[in-house]
Amino acid sequence: MSLFNSEQESDGILKVSKATQQALLRWKLSLDSGCNSSMEKFLSQEKQEVRSEILRLSKDFEFIRSFVHGENFLEPEGKIGEFHLVRELGRGAMGVVWEANHPKLDRRVALKFLPSRFGISEQEIDRFRQEAVAASGIHHPGIVQVFDFCQEKGQYFIVQELVPGGSNLEDFYFNHARISSRKHVDWKPVVELFEEIAQALHFAHGLGILHRDIKPQNILIHQDGSPKIADFGLAELQNRSGSKKKWELVGTPYYMAPEQIQCRGEAMDGRADLFSLAVVFYEFLCLERPFEAGNSSEVMAKILHQEARSPRKVNKKVPLELDLICMRGLEKNVNRRYKNCQAFADDLRRWRFHQPIHARPSSFVLKSRKWIRRHPIQGLSAMAILVVVAYSLISQWQLSRSRSQVLAGALVEESIQIGKSDPAKSLALLVAAGRASPQIANADRFLRSLENCHEHLQLSGHAGDVEFTFFHPNQKYGITFATDGKGRVWDLTTGLCVKILRGHKGVVKAATLDPAGRWLVSGCGKGRVICWDLKTFEPVQQKKLIHGEIRQLLFNDKSSLLLIVGSAGRAYLWDCASWQVMSSYSESISEGILSGSWLPGGERFSLVYQLKPNRGLIQFYQVGSTEAIASMSDQKWATLKVDFHPSKPWMLSSDRDHVARLWRVPDQKLLAEFSGHQAEVSGAKFHPSKDRILTWSPDGTLKIWDLNRGELVRDLRGHSNKIRYAKFICGGEQVISCSTDGTVRIWDAESGQELQILSGHEAAVLNFAVDHSGQQVLTGSIDNTARLFKKVPILDSLGITRSELSGGSVLSMHPSEEAVLVGTEEGICLEYSLPNFEELSAGIRRQFPVVQAQFDRSGDCRFLAWKDGYFLVQTRSQSTSGSDRNRWKENPVEGQSRRKMAQGACMDLDGRFLVITYSRIRGSNYITQAEIQGDYPAEVYSAETGLLMRELNIRGRAAKFNAAGDRLLIIGLEGEIALYEVPSWREIYRGKLHHHRVAEGDFSEQKDFLVLGSADATLSLLDSRSGEKIREYKPKRDHVICLDFNPTGTEFLAGHIGGSLILYPTQKGAERRFTSVRSKVIQVGFSPDQQWLAAVYLGGGFRVWMRDRSDPVLTLDNPSYSVKSFRFSKDSRFCLLHDSNGRLLYLPLYNEDWLEAAERLCPEQLSEEEIQAFKTRL
């Protein structure tokens, strides 16, 4: 619409007829052609009505002339509205700018006038008004401020901030170009300038305003050097109503973003201005624009389809990081640019302060896609060739891989079949399978095979059957006695005989160790008994007692008395203090004594007599008396041996009629019978802790029975001949037996699974001994040899250390993973180096259990707390030389809580605050023995001074800080929780979320999530900022015991009291359950890479799962390693385990690590011929 209209005049805009408009247009064309005709001559040529209308407007002749000529006739010292014009500052296509003075406010401003040319459209006026509206809402030091929008006498102008200095970025560019010609360029001023521009743009974008015309001329430079963005003439207010709006092609072509050229309004956001700013930045780095061409159309085509050259290829002086930042801003795909101008500014700031930037070079795939887009025909040809080559290579690889998998599968199957009978060969097969295909020979199979594998040491030297074997109390020596009448002492490290025990003149028929570890007693077929000193292996006492042979020697529990059973139907009680026989025992109607046994307590014993015909008699004696205090005579069976329960008045008899019987001793009542063997019951043993018994027989079977139900629990089969001896080991978790088939076998007592076969003897195994750890077995055989079987120390070889600790309870890893801090229930705190487990600093020992041992975020501060409420805060020495860097400063911060019964303690990761919670104790305090009543609130201490800062109004049993250290969770004794803001200690939330008490809670590291689990199996997800509940989970399972978030906070893992292990999502999604065991879960955790999950169970079981698999890939149930806690390494390749024996174990997770360990430990390797034989069979 023209400024001249045929309607009525309003708002100072001239409203004239169409004929007058045409006349004025003819006058303008005449003037533009150079003809300077007067107004009178012009009017004489027009009609009367036109002349009249123009004469009526003659008072505005100068105004009309200004519109005809298309420029403002403004003069210095002139006035427009309330403003006095001072001087013209500049002019351009979009307007003329004058410096002016506002006399009332006494302020210098800049007036930007819209060019009042003839025929200006209403759209241009609206755009000029929009510039004022857009800029007036922005108040930022980096943007020129607009004060007002005015219209006087048909002229529109904007009143805006006057920027002292009078220059823009284009002037700064030319100055920079002169400096850039020097050898060394200081880029920091340029970078700092663009950082400020980007921050100002981001501020405008935050208000929903897009500039759309960022270029050097529109960025003014203040006299102090700071930039100010001006000219929002093309600015666009982003449509906040959500309605669609037609976008138009506006802007300066050289600086337009691809989506701006394509007028894709839906794709337009602040990243379009970011592209324009990156073009200007490129111009400053390279002293040329990234897209140059002869006209605007060619420039825009290059922006759409051609990649800009790297700034370093144009100007080698440009630093690599600035090149990457600039090129990321020039990405044609908006999703690959910085997400906003602030991110662009942040990377520039990181460069200035020598920090790592976030921009990265384009990947090979992205570069290839861009090249194909520029060269489509060559690209398609290259892709076709690549596809053919890749298909060929993949086909060959798949064929080779399938063959390798088949071979590995066959090797694994063979390994499984011979795993127990020949563990060394089994391991060799598994190693070969791992080389062929690590996926098939996985970590769990390696662990199982290595646990079955054992080292084999033959002890040769005897000239008769080796009937008795013992481990010396120090576990360094083994002692054997044989039918050659000699005993031998063996060094179990070298296998050499270090001492021969001579003195017997007949076959040694009995031998036993003193429970106190002082003596070894042996008896021979000539009736002689010799007592040997276990320190010197010299005879201490020897005596001939009887004319027959010695059949059995038994010490009582106190090692004060020795029961000697002879073949002539007599038994003797020997006083170990005086080495004299106290009394002798016999029964006139018996044919001999079969066996003897001590009752618990060592004051009474039993003797089993053999009567005629095939009957037995059991007599009970009190020490000091030769008369039987009780007797049991059977009528239908003959008892061979008896065993007494360690704590109950029960006796177990092994009888010749294939039955074992349970008796109550005081009244000699038969409680139960256990039948099922096909031959006589050779022996029976009580379980050390459960109401179960073990029986064995010459039929080659062992059976485990439940005493309460009288039922068979496990039938252990595997021996092919008579079983000589068996017993429970490892606290009753395993059963071991030896047989005349030449093997020793070990079973799992709970599952009945055969764990290991110890083979190597060429004839029957007569006896065995097991060391305290259950890792070594010493056997004797009729092949005249003894053999030492040692389990392959797989975990030891992978980094286990046996420390002097026991009952370890707290484990904290240093942030660098170079050290680990261990606290125990015995009150010991020690720090070890990783992975060699050397002790780094002197241990701290106190008489109370450790409740917390923790490093701060830096690892230079550690917090130690004990059960009695005493705590230490130590800082590391600043010295970096040698061992001094591992020392902790003397005079640590010490503190003592007022309540001497700490339940738990924690420190925030920044090492500022300590929180101690207290357990509920009624009655006498076990530490101070003082009478106390009631509960105590949690307390906050200063880590800098050790002084009490405040009491929190909650009786808590557990406390936990989040990773940022600004939130504290207290789990109360009554089931309520409290969430506090740190350091203001403002209570954000407090209350009971569930019907039952909250058992556990955990914060997410990267998201503001807090998850809580309760005894009613309900889980709640809370916002840790506000305490507001986000989501509730009701899996209808059992009590939640432990929780752990994954590193990104998208999922959390929950362990339940019944053994369930469940993965819950924080957003929408289904839960996942992992195969578990029916045992209480005491710890769960994610690896840092989220590939692995792990759990520790009550009793020490440990399992590892892969994230996408339900079945465990690694199971450690060996009772020798009872795991209490674990930590994943930063690279997620290892698990650091802490067992109940105080040992630290490095457990690898990846198959290749296990393969490497197995290759190192494997006693033999398969030859190429053997592998080729397998291939031939397949």
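The values are calculated or read from the model by the stated rules, or taken from the named source; none is laboratory data. Please read all numbers here as calculations on a predicted model, not as lab measurements. Quick reminder, even Gly has a Cβ in these numbers, built from the backbone with ideal geometry, and neighbours come from all protein chains shown.
Restricting to region 326-337, name every residue that is part of a helix (DSSP H, G or I) and of a type outside the set (G, A, S).
First, pick out the residues of region 326-337 that are part of a helix (DSSP H, G or I): 326-329, 334-336.
C326, M327, R328, V334, N335, R336, listed by residue number.
Of the residues making up region 632-678, those that are touching an Asp or Glu at 6+ places or on another chain (Cβ under 8 Å) and among the hydrophobic types (A, V, I, L, M, F, W, C) number 8. No other residue among Q355, Q306 is modelled with pLDDT under 90, surrounded by 13 or more Cβ atoms within 10 Å (Cβ to Cβ) and not charged (D, E, K, R) apart from Q306. Note on region 70-113: among residues that are modelled with pLDDT under 85 and among the basic types (K, R), the one that is nearest to G233 (Cα to Cα) is R91.
Against the list (1) surrounded by fewer than 21 Cβ atoms within 10 Å (Cβ to Cβ); (2) within 29 Å of S773 (Cα to Cα); (3) in contact with a Phe, Trp or Tyr (Cβ under 9 Å, 6 or more places away or on another chain); (4) of a type in the set (K, R), the condition R1103 fails is (1).
Inspect region 739-760 for any residue being of a type in the set (D, E, K, R), within 17 Å of F471 (Cβ to Cβ) and over 38 Å from the mean Cα position of the chain (by Cα) and give the result as yes or no. The answer is no, given that none of the residues of region 739-760 is of a type in the set (D, E, K, R), within 17 Å of F471 (Cβ to Cβ) and over 38 Å from the mean Cα position of the chain (by Cα).
Which one of F364, F344 is modelled with pLDDT of 80 or more and among the aromatic types (F, W, Y)?
Values: F364 fails: modelled with pLDDT of 80 or more.
None of the others qualify; the one that does is F344.
Taking region 651-719 and the strands (runs of 3 or more DSSP E) fully enclosed by it, the elements with 2 or more residues that are under 51 Å from the mean Cα position of the chain (by Cα) and under 21 Å from S597 (Cβ atoms) are at 683-686, 692-696, 701-706.
Part of a loop (DSSP other than H, G, I, E, B) and exposed (fewer than 15 other Cβ atoms within 10 Å of the Cβ): does that describe Q458? Walk me through it before giving the result.
Details: part of a loop (DSSP other than H, G, I, E, B): no; exposed (fewer than 15 other Cβ atoms within 10 Å of the Cβ): yes.
No.
Condition check ((1) crowded, with 20+ Cβ neighbours inside 10 Å; (2) touching a strand residue (DSSP E or B) at 6+ places or on another chain (Cβ under 9 Å); (3) outside the structural domain of L712 (by TED's automatic domain parsing); (4) under 21 Å from Q475 (Cα atoms)) across all residues:
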residue: I736; (1), (2), (3), (4): yes, yes, yes, yes
residue: T740; (1), (2), (3), (4): no, yes, yes, no
residue: V744; (1), (2), (3), (4): yes, yes, yes, yes
residue: D748; (1), (2), (3), (4): no, yes, yes, no
residue: G752; (1), (2), (3), (4): no, yes, yes, no
residue: L758; (1), (2), (3), (4): yes, yes, yes, yes
residue: A764; (1), (2), (3), (4): no, yes, yes, no
residue: H772; (1), (2), (3), (4): no, yes, yes, yes
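Counting only residues that are of a type in the set (G, A, S), within 59 Å of the chain's Cα centre (by Cα) and more than 13 Å from G233 (Cα to Cα), region 120-169 holds 5 of them.
With respect to the conditions (1) of a type outside the set (S, T, N, Q); (2) surrounded by fewer than 18 Cβ atoms within 10 Å (Cβ to Cβ); (3) touching a residue at least 24 places away in the same chain (Cβ under 8 Å), Y572 lacks only one, and its number is (2).
Each row is one residue, and each column tells you yes or no for (1) of a type in the set (V, I, T); (2) buried (at least 16 other Cβ atoms within 10 Å of the Cβ).
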position	(1), (2)
R528	no, yes
F537	no, yes
I546	yes, yes
L562	no, yes
A568	no, no
S584	no, no
W598	no, yes
A628	no, yes
M632	no, yes
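Tell me yes or no: at least one residue of region 1069-1082 is touching a Cys at 6+ places or on another chain (Cβ under 9 Å) and closer than 25 Å to V810 by Cα. Taking every residue of region 1069-1082 in turn, at least one turns out to be touching a Cys at 6+ places or on another chain (Cβ under 9 Å) and closer than 25 Å to V810 by Cα.
A single member of G251, G208 is modelled with pLDDT of 85 or more and on the phi > 0 side of the Ramachandran plot, and it is G208.
When region 147-175 is examined, which residues are found to be out of contact with any Leu (no Cβ under 8 Å at 6 or more places or on another chain) and over 18 Å from I80 (Cα atoms)? Answer for region 147-175, where residues must be out of contact with any Leu (no Cβ under 8 Å at 6 or more places or on another chain) and over 18 Å from I80 (Cα atoms): P164, E170, D171, Y173, F174, N175.
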